[in-house]
Amino acid sequence: MIEICHYFDPYLIMLFRMTGYSFIDFLIGNFVLAFLAVVVGEFTISLVFLINRKHIDEQTGEIVKYQNLSIDALAANDKEAYHAANKMANEAFGKSFFAQIAMSAAFLWPVFFVMTWLQYRFAEVDFAILFTDYTVGCFAVFVPLYAAAYLIFKRIKPMIPYFRRINAILDSYGQRTRKMKTLADLAPQNSKST
């Protein structure tokens, strides 16, 4: 990893030499790196999503299918069928849940790269905490700037055609899961209207 940091160092350090004022340059450089990490992470997770879309569709379909079967079995007072279908629904949900956690790693990998480079370049830089004898390193600056960059990009993302398309695909999953039955569907019709 040191070789990679060494290779990118001359390019990344330019972000930290824009104004000639070291602290301002440090903030600007950290923010630009944070913003780039957010953009690359969002793009990477969208690619992983598109590559795995068929599998995600299958998992989502299984969840809806087994959830609906378990609710139908419950409505028919068939405990054995309910337990079997509910077990299958839980397994399908668990697979989907852990697949989504694994996909989220695609969003975070640029952060670890940036933090590795920051450690490589600025390990010796400490910032004093006001009114204490304690200091913090470069990560204490990067993490809040990353959060700010994420919030800013979250507002910009719907304006970018590529991400607007990805959001439309994700919204279709929300519409499909509305077809999933819930325990509320078992309530008598007159109690639903009150």
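The values are calculated or read from the model by the stated rules, or taken from the named source; none is laboratory data. Everything quoted here is computed from the prediction, not taken from an experiment. Glycine also receives a Cβ, built like all others from the backbone with ideal geometry; neighbour counts cover every protein chain displayed.
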Legend entry - Some residue of region 132-142 being modelled with pLDDT of 85 or more, surrounded by 14 or more Cβ atoms within 10 Å (Cβ to Cβ) and within 27 Å of L47 (Cα to Cα): yes
Inset, instruction - Output the residues belonging to region 2-18 that are exposed (fewer than 10 other Cβ atoms within 10 Å of the Cβ) and either touching a residue at least 60 places away in the same chain (Cβ under 8 Å) or not in a helix (DSSP H, G or I) (or both). - result: I2
Inset, instruction - Could you please tell me which pairs satisfy a Cβ distance under 7 Å, a separation of 6+ or placement on different chains, a first residue in region 134-152 that is over 14 Å from I28 (Cβ atoms) and free of Cβ contacts under 8 Å to residues at least 60 places away in the same chain, and a second residue that is part of a helix (DSSP H, G or I) and small (G, A, S)? - result: none
Inset, instruction - Within region 93-103, identify whether any single residue is modelled with pLDDT of 90 or more and crowded, with 17+ Cβ neighbours inside 10 Å, and answer yes or no. - result: no
Legend entry - Residue in region 42-61 that is surrounded by 18 or more Cβ atoms within 10 Å (Cβ to Cβ) and among the acidic types (D, E) present: yes
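Which of the residues belonging to region 112-133 are acidic (D, E) and touching a residue at least 24 places away in the same chain (Cβ under 8 Å)?
As a first pass, look at region 112-133 and keep what is acidic (D, E): 124, 126, 133.
Within region 112-133, no residue meets the criteria.
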Inset, instruction - Scan region 97-111 and report the pairs whose first residue is part of a helix (DSSP H, G or I) and whose second residue is of a type in the set (D, E) and crowded, with 16+ Cβ neighbours inside 10 Å, with Cβ atoms within less than 7 Å and a gap of 6+ or a chain change. - result: F107/E42
Legend entry - Complete set of residues in region 70-106 that are in contact with a Leu (Cβ under 9 Å, 6 or more places away or on another chain) and closer than 17 Å to I56 by Cβ: A89, A106
Inset, instruction - Scan region 112-154 residue by residue and report those that are β-branched (V, I, T) and part of a loop (DSSP other than H, G, I, E, B). - result: V125, I129, T132
